[in-house]
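Throughout, read-outs are computed from the coordinates displayed, never taken from laboratory work. Please read all numbers here as calculations on a predicted model, not as lab measurements. In this analysis, Cβ positions are derived from the backbone assuming ideal geometry, glycine residues included, and neighbour counts consider all displayed protein chains.
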Amino acid sequence: MDGRPLRIGVFGGTFNPIHHCHLTIARQTRERADLDRILFVPTGEPPHKPAESLTSAQHRMEMVRLAIASEPCFLLSDIEVRRAAKSYSIDTIRLLRAEYGISAELFFMIGLDAFLELEDWREASELVRAINFVVVSRPGMFFANLARMPLLATADRTSLTKFDTGGTDRLDLSLTAQTMLTLLRLPPCKISGSDIRMRLRKGLTVANLLPESVESYILCHELYREES
């Protein structure tokens with residue numbers, strides 16, 4: 001790494017269950033954003049989703065562990081699962097900063113759809129000062145919409161529109177005086193956790209949607225059979 005700071009992508013989510021799109025996004029983001037590690041952070045009790053819609057945190061943790069076992073640059077963190085309170089991103093980032101120290105560079109990986117709602121998050125203005133962001137494309141959504149966010153009032157809408165329409169797959173912008181915003185346009189991936197859960201409830205195959213080790217774990221533990 002030539003003495004540069006360790007660059008760590010923080011990939012949070014319910015991972016309910018983890019599937020091939022999660023892994024593909026992690027691999028592509030690590031390469032295109034020049035990251036050294038991707039830290040998978042399964043949520044404990046997320047503030048925006050009812051807990052009853054999730055399988056247990058321990059099951060979701062184990063599925064992530066199985067899915068990334070052969071990927072040396074992928075790591076698993078239980079930092080949110082072990083917290084008793086609801087998991088807010090600002091709290092997680094503060095804990096990760098304390099864990100990795102000021103020498104590491106942290107990059108919050110997030111989809112464009114979720115980033116556009118960032119200003120509704122707890123302590124959003126503090127969050128963007130605390131960590132860099134890597135925002136990945138979502139089908140049917142446009143990066144030009146970022147110019148409407150008060151947090152990005154200085155963003156150049158022309159540059160964002162050009163990024164939407166061609167040429168490069170990466171655009172780097174200043175987020176604050178301390179942090180950067182990296183935009184990535186990735187190939188669309190159509191696998192979803194909700195579709196996988198529906199297929200499992202109906203007894204349909206989930207082959208090629210998630211790693212074989214995760215599929216075996218789900219079947220062994222009879223997960224998602226009774227989800228309403």
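Things to note:
- Among Ile131, Ile196, Ile102: highest mean-square fluctuation, GNM of the chain, C-alpha pairs under 10 Å: Ile102
- Each part reduced to its alpha carbon centroid, region 171-206 and region 1-38 end up 12 Å apart.
- Rg of the Cα atoms in region 106-187, relative to 2.2 N^0.38 Å, amounts to 1.00.
- Mean residue ellipticity (222 nm) of the chain, computed from DSSP H runs ≥ 4 via -39,500 (n - 2.57), nearest 500: -9500 deg cm²/dmol
- Tensor-based shape of region 14-145 (alpha-carbon gyration tensor, a/c under 1.5 rounded, otherwise prolate or oblate): rounded
- Amide N proximity, region 106-123 versus Arg170 label position 7 Å along Cα-to-Cβ, cut-off under 18 Å: 106-112
- For the peptides 161-172, 63-74, residues were scored by their other Cβ atoms within 10 Å and the scores averaged per peptide; the highest-first order is 63-74, 161-172.
- Projected label distance in nm at Glu119 and Asp91, using a 7 Å step from Cα toward the beta-carbon: 2.6
- Cα-only Debye scattering, the chain: base-10 log of I(q)/I(0) at q = 0.09, 0.16, 0.18 Å⁻¹: -0.38, -1.20, -1.46
- Cysteines of the chain lacking any other cysteine Cβ under 4.7 Å from their own Cβ: Cys73, Cys220.
- What separates the Cα centres of region 104-153 and region 67-103 is a distance of 19 Å.
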